[in-house]
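Since the structure comes first, as structure tokens, the remarks are kept for the end.
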Amino acid sequence: MNTKTDSILGNLEWNEEYDSWTGQMFLSNEKTVKVKIGVDSKDSEIPIGIKTNFQFIKENEELLRTKIAKPTASLYNDSWSEGDEIKESSVVKRISLEYISFFSNEGDAELFYNDDDLFAGHTITVFVEPNGEITKPNLAG
């Protein structure tokens, strides 16, 4: 088993099946999140862009939830609510980051949020670019 410890990302384990490093990291709110880091090979250094974006996500996870709350609440209220509308503040409290997948050396990442059954168990996904910009949330699964 190949493992490494990174000063920012912590303990990582090489996953041969996915050609990636995987681990479980702590966010600033002390919750844990699973992380997958796609790199060229297990001998590759983890690019600084990935470390920088992880640090940004870690420090700003609540802000990211707040940014995706408006379109997520709108989607819920327009298509899923069955009459019981939800406020953005409730979305922020209910959804939780479970998984981060880094897929470029620049640090591009896809975040996967547990929907707390707002959307019948579908995962809420959003892309975070290295500059902190996010895409419109989508439902997966």
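Over the chain, dividing the summed -39,500 (n - 2.57) contributions of all DSSP H runs of at least 4 residues by the number of residues returns a 222 nm mean residue ellipticity of -8500 deg cm²/dmol. The angle between the Cα long axis of helix 48-75 and the longest principal axis of the Cα atoms of the chain comes to about 10 degrees, rounded to the nearest 10.
Within the same chain, aspartates and glutamates fewer than 8 places from K42 are excluded, and of the rest, those with a Cα less than 15 Å from its Cα are D6, E13, E16, E17, D19.
For the chain, with all protein chains present and a 1.4 Å probe, just round the carbon and sulfur fraction of the accessible area to a whole percent. The value for the chain is 44 percent carbon and sulfur by accessible area. The residues of segment 17-141 expose on average 55 square angstrom of accessible surface per residue, using a 1.4 Å probe on protein heavy atoms.
Only lysines eight or more places from K87 in sequence, or on another chain, were considered; those with a Cα closer than 24 Å are K31, K67, K70, K136.
Distances between placed amide hydrogens fall under 5 Å for G10 paired with no residue 5 or more residues away or on another chain.
Computed packing ranks the peptides 20-30, 68-78 as 68-78, 20-30, most packed first, by mean other Cβ atoms within 10 Å. Normalising the average separation of contacting C-alpha pairs (under 8 angstrom, six or more residues apart) by the number of residues puts the relative contact order of segment 86-127 at 31 percent. Take every pair of alpha-carbon atoms less than 8 Å apart whose residues are at least six positions apart; their mean separation over the length of segment 1-64 yields a relative contact order of 24 percent. Between S104, S96, S44, the residue with the greatest mean-square fluctuation in the GNM of the chain (Cα pairs under 10 Å linked by springs) is S44. Taken about its Cα centre, the chain carries a charge dipole of roughly 340 debye when the Cβ of each Lys and Arg holds +1 and the Cβ of each Asp and Glu holds -1. Across segment 89-95, rounded Karplus estimates of 3J(HN,Hα) from the backbone phi angles (6.51 cos²θ - 1.76 cosθ + 1.60, θ = phi - 60°) give 4, 5, 4, 4, 6, 8, 7 Hz, Gly and Pro being marked x.
The 3J(HN,Hα) values that the Karplus relation (6.51, -1.76, 1.60; θ = phi - 60°) gives for segment 122-132 are, in residue order, 5, 7, 9, 10, 8, 9, 10, 7, x, 8, x Hz. Gly and Pro appear as x. Here percent of Cα pairs over 22 Å apart was calculated from the structure, and among [x] 54; [y] 49; [z] 39 it sits at label [z].
The values are calculated or read from the model by the stated rules, or taken from the named source; none is laboratory data. Quantities reported herein were computed from a predicted structural model and do not represent experimental measurements. Here the Cβ is made from the backbone with ideal geometry for all residues, glycine too, and neighbour counts use every protein chain on show. The protein model used for the area step is the full one, side chains on, heavy atoms only, and it has no ligands, DNA or RNA in it. Shrake-Rupley method; radii C 1.70, N 1.55, O 1.52, S 1.80 Å.
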